[in-house]
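Here is the structure we will look at.
The values are calculated or read from the model by the stated rules, or taken from the named source; none is laboratory data. The shown structure was predicted, so the numbers you read here are calculated from the model rather than taken from an experiment. Note that each Cβ is placed from the backbone with ideal geometry, even for glycine, and that neighbours are counted across all protein chains shown.
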């Protein structure tokens, strides 16, 4: 089984009864031990794909194999290898975190004697142990998200799928979740992450696929993908409102966002001296300079918008 | 999942159901106690004392005890599974089970076990209340016991199928109001089917609750309007058919998987 990829998706398609084609022949491979980002705009097909992996959605065609086990043909065995943290909070609001974790283990056939210490471990690691006996409805949004991760870990899956696990979570808790998930990955669990926080994917993931309109439009290593980015956008905060006419510069696109802010789109490797020289000549004083967005966000937007700039 | 794992999974679902029943006992156990006490007071003591023996040697209050117990078993086993499983669907936490390796039949068995246990608890409560009003000698313990179990299973399975199809809470409430209540009231709880004239007597024979109530009445009082063998055949027939339907729906993912 170790020779198999952690996830092998072949020509997966899904057409809902409404006629909506959510997936159109998606093929994807994730290697064991990978930390894999699956990105895409809303409605791209990410959640449908994850739904099929976790057997909550029936595929119209194609198959997904988890460590070589077909979800379609050997559902029970495939599910034993997979842990899911869904996008929507799907906890019983009247149950307690400890019971939820122990029950989750029970659904996987793990006896209570094994489940109890395991639940303690994961609830402690996710800073939820002091809430273990409180009804879920009394927990904050961030606590519920962490509880869903603890719940998914109860079966100690070989493949952990996280569908926007940090949505709506403050940065401090988000970082603690990153730390936990990274440690899980380092310990050998293959992780697939979907997120709208692209810096999260950039920091954590080694490989990436971008899905749009039910098709994979990019599938490579994070390093290779980021290397494709050939421009960056700089935001210039001005000391005073600028003049109506901006200087023209070869290779650099300069435009005004508002009277006190300019944006300069600069090819990678292009020197910035000519930009500042032209701005100085035009009497424009720059107070500060920053990148408009992270690199992955820049690429993501261009790929999804069908931009041709990526080589 | 091996047999030991399946047993753990079954125990988990069933235990979770029992925990829910006990956690919200004011909604699951208390209402039947109050309703049936009122039935015993009004129909048993106040009205029943003027009716006299409905069957020679059996007072009216004694006659209605088995029917009232079965009425409670029917509504509680049905209501337990339909509301619990639909809540799991509505709150999406049913996905915990659907995305696990647990086979569908274990999920069904766990929920049915929970509903049967609630049926049993309520039957014991109503039986205990009845002892404040009359003295009942159980004549056939195994018939009494097996009828409660089979009836609970039949209505638990029906409630499960209802919850699979339900899209909103109204869909779960409709069946008890428009189907279960008429079936139980017309199922020989308060009267002997022999008292009915034609064609109502013949029509009543199409009501499965009639067979359940009479089998249970035979177990408790040793009297029945229906042959016991036929009553068991009806109950077992419904168990088999509804089990096959529920498993088929689960396999197809009706109401659960997109």
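General remarks:
- Segments classed as helices (runs of 4 or more DSSP H), wholly inside the range B:1-120, with at least 3 members that are touching a residue at least 60 places away in the same chain (Cβ under 8 Å) and more than 10 Å from chain A (Cβ to nearest Cβ): B:3-23, B:30-39, B:60-90
- Some residue of the range A:15-31 being in a loop (DSSP other than H, G, I, E, B), within 14 Å of chain B (Cβ to nearest Cβ), more than 20 Å from the chain's Cα centre (by Cα) and crowded, with 20+ Cβ neighbours inside 10 Å: no
- So residue A:37, is it in a loop (DSSP other than H, G, I, E, B) and modelled with pLDDT under 95: no
- Qualifying position, being surrounded by fewer than 19 Cβ atoms within 10 Å (Cβ to Cβ), modelled with pLDDT under 85 and over 30 Å from residue A:5 (Cβ atoms), among A:233, A:280: A:233
- Residue B:241, sole failed condition from (1) part of a helix (DSSP H, G or I); (2) in contact (Cβ under 8 Å) with a residue 24 or more places away in the chain; (3) within 20 Å of residue B:113 (Cβ to Cβ): (2)
- The number of residues in the range A:59-89 that are without any contact (Cβ under 8 Å) to a residue 24 or more places away in the chain, part of a loop (DSSP other than H, G, I, E, B), closer than 21 Å to residue B:255 by Cα and within 11 Å of chain B (Cβ to nearest Cβ) comes to 2.
- Subset of the range A:43-58 (residues that are in contact (Cβ under 8 Å) with a residue 40 or more places away in the chain, away from chain B (no Cβ under 14 Å) and outside any helix (DSSP H, G or I)): A:44
- Exclusive hit being crowded, with 16+ Cβ neighbours inside 10 Å, in contact with a strand residue (DSSP E or B) (Cβ under 8 Å, 6 or more places away or on another chain), modelled with pLDDT under 80 and in a helix (DSSP H, G or I), set A:275, A:226, A:303: A:303
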